[in-house]
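Contents: one structure, followed by commentary.
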Amino acid sequence: MTIITVNSPKGRLSLEERRTLAEALTDAVLVPEVGQFAPPARVGFQVHFVEREPDMMAIGGRLLADIGPDADVMVIDVAVMDGDWRQEVRTAVIERILAALADACGLAEPSPTWWVNFRVIDEGSWGSSGGVLSVLSLLDTGVFTEEKVEAIRAALGA
């Protein structure tokens, strides 16, 4: 289970860019998380787009409304279930997210004012369907590679 929240100034992302990002951001996390491209796993991912008025965001101590339209600020929050999130896996996710954003926005490289927060939700702290979920219950679904299954079990001491 993964939730990706894209916070941006109102009007920054077009409908078409959001359509592109919904899929690209999902896959940016999915592939490192399960170890392969596995479209059936997409159902466990949500992408939320939150737009804020320019007077509700600031950078460098100044409201975007006061800076003008050149201020390109975005914060992407990624919340994932506990699992195999070694530094190299988190790095891959963050780099993939920033590359997907740049691509969807038609830019050669990500803006230095786009920030990604990567958060791991502790085992036993994620709930849905009337109860607490565990990544361990998902390991036999066939979407994870054997290497990922082993790495997740090792990371969780299971």
_If I fit a long axis through the Cα atoms of helix 15-34 and take the longest principal axis of the Cα atoms of the chain, what angle between them do I get, 0 to 90°, rounded to 10?_
30 degrees
*In whole Hz, what ³J(HN,Hα) sequence does segment 116-122 give by Karplus (6.51, -1.76, 1.60; θ = phi - 60°), x for Gly and Pro?*
10, 9, 10, 10, 9, 8, 3
*Distant-in-sequence amide H partners of LEU133 (H built 1.01 Å from N, under 5 Å)*: TRP126, GLY127, SER128
*asked:* Under 10 Å, Cα contacts only: if you run a Gaussian network model on the chain, which one of ASP82, ASP72, ASP27 comes out with the highest mean-square fluctuation?
replied: ASP72
*For segment 1-84, which whole percent of the accessible surface, found with a 1.4 angstrom probe, sits on carbon and sulfur atoms?*
54 percent
*Where both residues lie in segment 1-117, what percent of DSSP beta bridges are antiparallel, nearest 5?*
40 percent
*Take segment 55-104, compute every pairwise Cα distance, and split them into 5 Å bins from 0; I just need the percent in each bin.*
4, 16, 20, 15, 15, 14, 9, 5, 1
*In segment 25-124, which trypsin sites (Lys or Arg not before Pro) fall in coil by DSSP and have 15 or fewer other Cβ atoms within 10 Å?*
ARG86
*Simple spin-label model, 7 Å along Cα-to-Cβ: SER128 to ALA102 in nm?*
3.1 nm
_Magnitude of the charge dipole, segment 111-158, Cβ model with Lys/Arg +1 and Asp/Glu -1, debye to 20_ = 180 debye
*What whole number of Å gives the distance from the Cα centroid of segment 140-158 to the Cα centroid of segment 90-133?*
20 Å
*Let me know the shape class of segment 115-158, please: from the alpha-carbon gyration tensor, a ≥ b ≥ c as square roots of the eigenvalues, rounded when a/c is under 1.5, otherwise prolate if a/b is greater than b/c, or oblate.*
oblate
*Give the residue from SER129, ALA104, LEU21 lying farthest towards the positive end of the charge dipole for the chain; charges sit on Cβ (+1 for Lys and Arg, -1 for Asp and Glu) and the dipole is referred to the Cα centre.*
SER129
*Alpha carbons only, please: Rg and Dmax for segment 82-158, in angstrom.*
15.6, 44
*Viscosity 1.002 mPa s, temperature 20 °C: Stokes-Einstein D of segment 19-157 from its Kirkwood Cα radius, in µm² per second?*
129 µm²/s
_Cleavage-rule hits (chymotrypsin sites (Phe, Trp or Tyr not before Pro)) in segment 1-54: DSSP loop, at most 11 neighbouring Cβ within 10 angstrom_ = PHE37
_5 Å is the cut-off here: which amide hydrogens, built 1.01 Å from N in the peptide plane, fall below it relative to ILE59, excluding neighbours closer than 5 in sequence?_
LEU64
*Would you please give the residues with an amide H less than 5 Å from that of TRP115, counting only those at least 5 places away or on a separate chain, with H modeled from the backbone geometry?*
MET74, VAL75, ILE76
*With charges only on Cβ, +1 for K and R and -1 for D and E, what is the dipole size of the chain about its Cα centre, in debye, rounded to 20?*
220 debye
*asked:* Within segment 1-44, list the residues whose amide N lies under 15 Å from a label point set 7 Å along Cα→Cβ of LEU156.
replied: 1-2, 33-35
*How big is the accessible area of MET56 in square angstrom, nearest 10, if you roll a 1.4 angstrom probe over the protein chains?*
140 Å²
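The values are calculated or read from the model by the stated rules, or taken from the named source; none is laboratory data. Here the structure is a predicted model, which means the values were calculated and not measured. We place every Cβ from the backbone using ideal geometry, glycine too, and count neighbours over all the protein chains shown. All accessible areas refer to the heavy atoms of the entire protein, side chains included, with ligands and DNA or RNA removed. Shrake-Rupley method; radii C 1.70, N 1.55, O 1.52, S 1.80 Å.
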